[in-house]
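Bear in mind that the values in this text are calculations on the coordinates, not laboratory data. Just so it is clear, the structure is predicted and the values come from calculations on it, not from any experiment. Quick reminder, even Gly has a Cβ in these numbers, built from the backbone with ideal geometry, and neighbours come from all protein chains shown.
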Amino acid sequence: MASQNVLIVDAFNLTLSTEGLPNPSIYSIASQQKRPPVVPCGGYTNKKKIMLQNLETNAAAGARPNNCWVESIRASSPTHMKSITPSLLEEKRAWIIRHPSALDMFHEITEASKGKQIVMFLDYDGTLSPIVENPDRAFMSGKMRRAVRQLAKYFPTAIVTGRCRDKVYDFVKLAELYYAGSHGMDIKGPTKGLKYNQKSKVVNFQPASEFLPLIDKVYKVLVEKTKSTPGARVENNKFCISVHFRCVDEKKWNDLAQKVKEVVNEYPQLNWRQGRMVMEIRPKIEWDKGKALEFLLECLGFADCSSVFPVYIGDDTTDEDAFKILRKRGQGFGILVSKFPKKTSASYSLREPDEARIIF
Ligand SMILES: O=P(O)(O)OC[C@H]1O[C@H](O[C@H]2O[C@H](CO)[C@@H](O)[C@H](O)[C@H]2O)[C@H](O)[C@@H](O)[C@@H]1O
């Protein structure tokens, strides 16, 4: 383990010298990856062996922790990478030792999953698709789609996203997956290739359906209220709403946040959380991505099962709810996709969506 950490730190320095640009060796490894040969259905052990063959080393970079709201939004922007100080560098090194790359730790991970049923949970934005300015253009690559399709042949696989379920389906286009849209408030089972558990045939769950009219109303209010802020964008995610900051001048972030908070404060049934350059407004109910993960495990018949191994890969603050659940259950592990250190309950890290594809 110790020698592995040294390796990570060395590679980490190399990454820093490229000012946050993708590590060229990782890119070439990713592009040289060959798809594993198709193994018979149910061949989980074979699949794990193939996944092991895909292992390569890597490193992750980091960023400054944040204390206030605007700082934390700023921290989700790569531009802050410009000011790297020695203490920041030290912090980054410490972080990667605490959350090693899942690529480096793949052997340990596969050893831990031996004899257990792996269930995959995948966030969409920033995990399966790279972050882009226009949320309507956050396409998943054909390579990523093929990798997820392949994964789902061997393990029950769910997309867990803040997006509206229909919208994420339009991006992913794989009918054999489970989909948990609107931060888990809109769950639907596969419409094709069902093979894990009969119970999952009936998966269709919307714990916040009574909030639909309210969400529609508040969406319209927010569109009106934010239209004077250049670059602001409001997205209706059916059971929740996203107000995007990514294209707003940094000087206007606070103003925009105030406007949004004023609206949300008028509706005690709603609250908001911060995501990546976005404010996520949603119903105040005890439901989140972590609860959705537990719900899906139950649907699959693994509620009280000690031999299940859930793997959750995500990049955002809302994914932390799922990472926490995995820690609490003491089952499986969480993987945070991030180039920068973030406070996280995930065990491991990956730098970018392409790396997630490698471990598939
Ligand atoms: O749970 P997720 O799948 O990660 O969805 C969370 C939000 O993702 C999207 O916004 C993020 O990605 C956009 C496209 O790359 C980017 O422009 C934006 O800044 C990010 O916050 C999506 O548009 C939101 O609706 C989701 O809630």
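Couplings for the range 287-303, taken from phi via the Karplus curve 6.51 cos²θ - 1.76 cosθ + 1.60 with θ = phi - 60°, read 8, 7, 5, x, 5, 4, 4, 5, 4, 5, 4, 5, 4, 7, x, 10, 4 Hz in order; Gly and Pro are left as x. Length gained on full extension, N265 to K217, computed as 0.36 nm times the residue gap minus the Cα-Cα distance: 15.8 nm. Placing a pseudo-label 7 Å from each Cα along the Cα-to-Cβ vector at D166 and E298 gives an inter-label distance of 2.8 nm. Mind running the shape call on the range 132-291? Use the C-alpha gyration tensor, a ≥ b ≥ c as the square roots of the eigenvalues: rounded below 1.5 for a/c, prolate if a/b tops b/c, oblate otherwise. Since a/c reaches 1.5 but b/c is at least a/b, the shape of the range 132-291 is classed as oblate.
Residues whose amide H falls under 5 Å from that of S101, counting only those 5 or more places apart or on a different chain, are S349, with hydrogens built in the peptide plane. Could you run the Debye sum over the Cα atoms of the range 179-271, one equal point scatterer each and no solvent, and tell me log10 of I(q)/I(0) at q = 0.10, 0.12, 0.13 Å⁻¹, two decimals? Scattering profile of the range 179-271, log10 relative to I(0): -0.37, -0.50, -0.55. The peptide list 217-228, 171-182, put in order of mean Cβ contacts within 10 Å with the highest first, becomes 171-182, 217-228. Summary value for the range 200-306: 24 percent relative contact order, contacts being C-alpha pairs under 8 angstrom separated by 6+ residues. A simple spin-label model places pseudo-atoms 7 Å from Cα toward Cβ; at A112 and E210 they are separated by 3.9 nm.
Here the relative contact order of the range 274-360, from alpha carbon pairs under 8 Å that lie six or more residues apart, stands at 23 percent. Under a 5 Å amide H cut-off, with hydrogens placed 1.01 Å from N, G275 pairs with E280 among residues at least 5 apart or on other chains. For the range 268-327, the square roots a ≥ b ≥ c of the C-alpha gyration tensor eigenvalues yield an a/c of 1.5 or more together with a/b not exceeding b/c, which makes the shape oblate. How would the range 248-360 be classified by its alpha-carbon gyration tensor: rounded, prolate or oblate, with rounded meaning a/c under 1.5 and the a/b versus b/c comparison settling the rest? Since a/c reaches 1.5 but b/c is at least a/b, the shape of the range 248-360 is classed as oblate.
Relative to a virtual label point 7 Å from the Cα of K284 in the Cα→beta-carbon direction, which members of the range 296-335 show backbone nitrogen distances below 17 Å? Answer for this model: none.
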